[in-house]
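Accompanying notes for the structure given below.
Each value in this text was obtained by applying a stated rule to the coordinates, not by laboratory testing. As the structure is a prediction and not an experimental result, all values here were calculated from the model. Cβ coordinates were reconstructed from backbone atoms using ideal geometry, including for glycine residues, and neighbour counts include every protein chain displayed.
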Amino acid sequence: KAGVTQTPRYLIKTRGQQVTLSCSPISGHRSVSWYQQTPGQGLQFLFEYFSETQRNKGNFPGRFSGRQFSNSRSEMNVSTLELGDSALYLCASSPIDRGYETEAFFGQGTRLTVV
Amino acid sequence: GNSVTQMEGPVTLSEEAFLTINCTYTATGYPSLFWYVQYPGEGLQLLLKATKADDKGSNKGFEATYRKETTSFHLEKGSVQVSDSAVYFCALSDKIEDDKIIFGKGTRLHILP
């Protein structure tokens, strides 16, 4: 069974640009979550999608958005990039109805560098 | 809101030493607790979990016991190996917080041969 796939693995963007990151969950998983990982702040929750609906949202500005498609694939978009958006963005998927007892399965992440 | 606090790193040990990484949590409900590990250049992998008080999670020689009275979930291993060098994250998930997984800041572990 293939794991969680994130593309691209690495990105370099300029301040003010926008970026779209992609995540393909494990087959059969319908919940997809996104996290931002930085050395200073650690892992911060961005949002979670389940069956194409945003179920949870973290404390990030509106420049960060996401969506989920009918095949459970998810994208996140960051507009008007700032230097502080440089981070490893991790996607995680969970089985069909992830409850609080269920772990998340992570992709390798997309390393975004804003210059 | 819920939170997880784990010991600051880096932690440096010699091979075969005993490992403890402390983790305490704050939660409004009755959370499930997890330890995840991140090897260099990789995403996070679940190491072990416990879903109720007094449960012990174990995997690959690592253990952690869910202690409700002390709100703790300390990670232990009796004899570490160089291959255990990684970043370890303590985490919780709580029904009251809509099942979001909340992570600690991570503890980097270096094992010297």
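Odds and ends about this structure:
- Contact order normalised by residue count of chain B, Cα under 8 Å, 6+ apart, percent: 37 percent
- Cα-only radius of gyration and Dmax that characterise the stretch A:53-115, units Å: 13.3, 40
- With R₀ set to 41 Å, the beta-carbon distance separating residue B:17 from residue A:5 gives a calculated FRET efficiency near 0.65.
- Evaluated over the stretch B:29-87, the Cα radius of gyration and Dmax, each in Å: 12.2, 37
- Cβ crowding within 10 Å averaged over residues, with A:22-32, A:51-61 ranked highest first: A:22-32, A:51-61
- For the residue pairs B:49/B:100; B:68/B:105; A:57/B:56; B:52/B:105; B:56/B:100; B:77/B:100, the C-alpha atoms sit more than 25 angstrom apart in A:57/B:56; B:77/B:100.
- Peptide ranges B:31-38, A:40-47 listed from the most packed, as the mean C-beta count within 10 angstrom indicates: B:31-38, A:40-47
- Projected-area mean, chain B, by convex hull of Cα positions, square nanometres: 6.5 nm²
- Sequence-distant residues sharing a close amide H with residue A:109 (under 5 Å, placed H): A:6, A:91
- Zero-based 5 Å bins, Cα pair distances in chain A, whole percents: 2, 13, 24, 26, 19, 10, 5, 1, 0
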